[in-house]
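Inspection log for the structure reproduced underneath, given as structure tokens.
The values are calculated or read from the model by the stated rules, or taken from the named source; none is laboratory data. If you're wondering where the values come from, they're calculated on a predicted model, not measured in any experiment. All Cβ positions, glycine included, derive from the backbone under ideal geometry; neighbour counts span all protein chains shown. We work out accessible area using only protein heavy atoms, side chains counted, and drop any ligands, DNA or RNA first. Shrake-Rupley method; radii C 1.70, N 1.55, O 1.52, S 1.80 Å.
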Amino acid sequence: VSPQMQPHFSSANATPSLPRATRKLLETGVAIQMQPPSRQDFMFCHSILAQLCLPRVRIDGREFHQRSGAAWISLQAGMLDEGAGPVWQPVPHGVMARLLLMCICTYAVRYRKHDIDVEDRAAGLLKRLQYDLQGWRYSTLRQQLHAWAACRLQLGFQGHTVNSQPIHQFDAWLPRASGADGRWPKVLQLSQEFYAEIVEHGVPLDRRAVTALKGSTLALDIYVWLAYRLHQVGRQSVHVSWLALMRQFAHSPTGRHAVQTFQRCFLHALRQALVVYPGARVTLSEGGINLLHSQPPIPRSALNALKKEAGTQGGPHG
């Protein structure tokens, strides 16, 4: 393994002999390196959710807690009326939960609105996330949308705690089999607390990278973390140990070879993330990785221009 993790690009990288997913990832990386992000490529997530990870798979029970350094997150599953009374929802988990929250945060930051437009139809939202329209995609989207609508979220950092129900008001997505007409919730309303946090602490991401990494929850988490962390690094590199990385990304590692297994999985996912974050500077070191100062995925000048325009335009997600 080379100590320098930064990938190199050329047209030869996108050879047709590679697996389709790998080829597409490399092509996206080349596009990101060659073409700066447009306004439609801006996405956002909360800064604490960039330091900590949601569950990657469905968990048993109704609570999830995660801590890394001074930051912590707590999720409690809730109930949602699905047309015939309250139904317990799962804790938000997996790639779809992350993408949905990013879309919600993006709309809030871009348009400074509590009422979030979630497209005219489910198919529209799936297409924006570059998903195919297979039936199970709709089921997953519905499950995670309902999970966010019902859950309670607590965020904490250095004495600051936010108690929030992210979504204040929501009409459940009722399937056609329920006797309704397949009602799709066109608008959901954010709580004041969560909206204020997102506007104040939104982390900018490149949507091209986010959608390219949707096949790997770990790679997506790593990309979001690097987008948040690397531009904050000073002149001296920052060392992050394998133990610290495992606490942050592995949730509950078990087994005799847990550390070695995590290292292999992490390095594979890290390489994927670096392909679509070509400006990131990360090196391997004894006992972990080194983070070096890097430019963020979205230039500060572009963000400043967006802030000036915030609230003066309407329309679909950016």
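Taking all Cα pairs closer than 8 Å and separated by 6 or more residues, the relative contact order of segment 54-123 comes to 27 percent.
Normalised by the number of residues in segment 193-281, the average gap of Cα pairs under 8 Å and 6 or more apart makes the relative contact order 41 percent. Ligands, DNA and RNA left out, the accessible area of segment 73-174 computed with a 1.4 Å probe is 48% carbon and sulfur. Each residue of segment 264-280 was assigned a 3J(HN,Hα) from its phi angle through the Karplus expression (A = 6.51, B = -1.76, C = 1.60, θ = phi - 60°), giving 4, 5, 5, 5, 4, 5, 4, 4, 4, 4, 5, 4, 9, 10, x, x, 6 Hz with x at Gly and Pro.
For segment 38-77 and segment 212-234, write down the distance between their C-alpha centroids in whole Å. The two parts, judged by their Cα centres, are 13 Å apart. Put simply, the amide H of residue 168, placed in the peptide plane, has neighbours under 5 Å in 189, 190, 191, leaving out anything fewer than 5 places away on its chain.
The label-point distance for residue 257 and residue 192, in a model that sets each label 7 Å from Cα toward Cβ, rounds to 5.5 nm.
Karplus-derived 3J(HN,Hα) values for segment 146-155, using 6.51 cos²θ - 1.76 cosθ + 1.60 with θ = phi - 60°, are 5, 4, 5, 5, 9, 7, 10, 10, 10, 10 Hz; glycine and proline are entered as x. For residue 281, the residues 5 or more places off, or on other chains, whose built amide H falls under 5 Å of its own are 292. Computed packing ranks the peptides 138-151, 226-239 as 138-151, 226-239, most packed first, by mean other Cβ atoms within 10 Å. Here each label is just a point 7 Å from Cα along the line to Cβ, and for residue 242 and residue 34 those points are 3.8 nm apart. Over segment 62-135, the pair-distance histogram of Cα-Cα distances with 5 Å bins from zero comes to 3, 12, 15, 19, 22, 19, 9, 2, 0 percent, rounded to whole numbers. Scalar couplings 3J(HN,Hα) for segment 188-202, obtained by applying the Karplus form with A = 6.51, B = -1.76, C = 1.60 to θ = phi - 60°, are 10, 10, 6, 6, 4, 5, 5, 4, 4, 5, 5, 5, 7, 10, x Hz; x denotes Gly and Pro. At a Förster distance of 22 Å, what's the computed FRET efficiency of residue 286 paired with residue 232, Cβ-Cβ distance as r, to 0.05? Efficiency for this residue pair is about 0.40.
Solvent-accessible surface of segment 55-118, averaged per residue with a 1.4 angstrom probe and all protein chains in place: 42 square angstrom.
For residue 203, the amide hydrogen comes within under 5 Å of the amide hydrogens of 45, 46, 47, counting only partners 5 or more places away or on other chains and with H modelled in the peptide plane. Taking all protein chains as they are arranged and a probe of 1.4 Å, the heavy atoms of residue 257 leave approximately 110 Å² accessible to solvent.
Each label was represented as a point 7 Å from its Cα along the Cα-to-Cβ direction; for residue 76 and residue 199 these points are 2.7 nm apart.
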